[in-house]
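To start, the structure itself, in structure tokens.
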Amino acid sequence: MGRILGYRRAKRNTTEHTSLLQIEGVRTSKDADFYCGKRVAYVYRAKREIDGSKIRVIWGRITRVHGTSGAVRAKFRSNLPPRSFGAGVRVMLYPSRV
């Protein structure tokens, strides 16, 4: 499990196509390096049913480490909505780089 921190940004500019995540139990950039290339899923509930389900998913991939505190950058198929900030994401342990 991980948590969405927000978009990657500078003082005035935000880059909406890259999101910052904090993964549970990861506190150093060395630990975070293990997760590079892994898939992540933002699962949320919508109002309207599609194919009998109100649950939707936006898939993404962890691209690289961000800083020294274990945060990572991720790119999703479509940009995450701002209401997802602070929400949880599921971190899949595939594909393997071993």
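The values are calculated or read from the model by the stated rules, or taken from the named source; none is laboratory data. Computed from a prediction, not measured in an experiment: that's the story for all the values here. Counting neighbours? That spans all protein chains shown, and the Cβs are built from the backbone with ideal geometry, glycine included. Side chains included, ligands, DNA and RNA excluded: accessible areas come from the protein's heavy atoms. Shrake-Rupley method; radii C 1.70, N 1.55, O 1.52, S 1.80 Å.
Numbers for the structure displayed
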read-out	value
Environment charge at Glu16 (Cβ cut-off 10 Å; Lys +1, Arg +1, Asp -1, Glu -1)	+2
By accessible area with a 1.4 Å probe, ligands and nucleic acids excluded, highest first: order of Thr68, Thr14	Thr68, Thr14
Dipole of the chain [Lys/Arg +1, Asp/Glu -1 at C-beta], most positive-end residue of Pro81, Ser53, Ser96	Pro81
Residue of Ile23, Ile62, Ile50 that the Gaussian network model of the chain assigns the largest fluctuation, springs spanning Cα pairs under 10 Å	Ile50
Kirkwood-based Rg to Rh ratio, the chain, C-alpha trace	0.99
Rounded to whole Hz, the Karplus (6.51, -1.76, 1.60) HN-Hα couplings of the range 8-18, x for glycine and proline	5, 8, 10, 5, 10, 9, 10, 10, 5, 7, 10
Listed residues Glu24, Glu16 arranged by accessible area, highest first, probe 1.4 Å	Glu24, Glu16
Å² per residue, accessible surface of the chain at 1.4 Å	66
In sequence order, calculated HN-Hα J values of the range 35-48 (Karplus, 6.51, -1.76, 1.60; Hz; x Gly/Pro)	8, 4, x, 6, 8, 10, 10, 9, 9, 9, 10, 10, 7, 8
Probe 1.4 Å - accessible area at Phe85, Å² to nearest ten	80
Around Pro95: net Lys/Arg minus Asp/Glu count, Cβ-Cβ under 12 Å	+4
Lysine pairs in the chain with Cα atoms under 21 Å, if 8 or more residues apart or on separate chains	4
Fraction of accessible area attributable to carbon and sulfur, the chain (%, probe 1.4 Å)	50
Charged-residue dipole, Cβ positions (Lys, Arg, Asp, Glu), the chain about Cα centre, Debye nearest 20	280
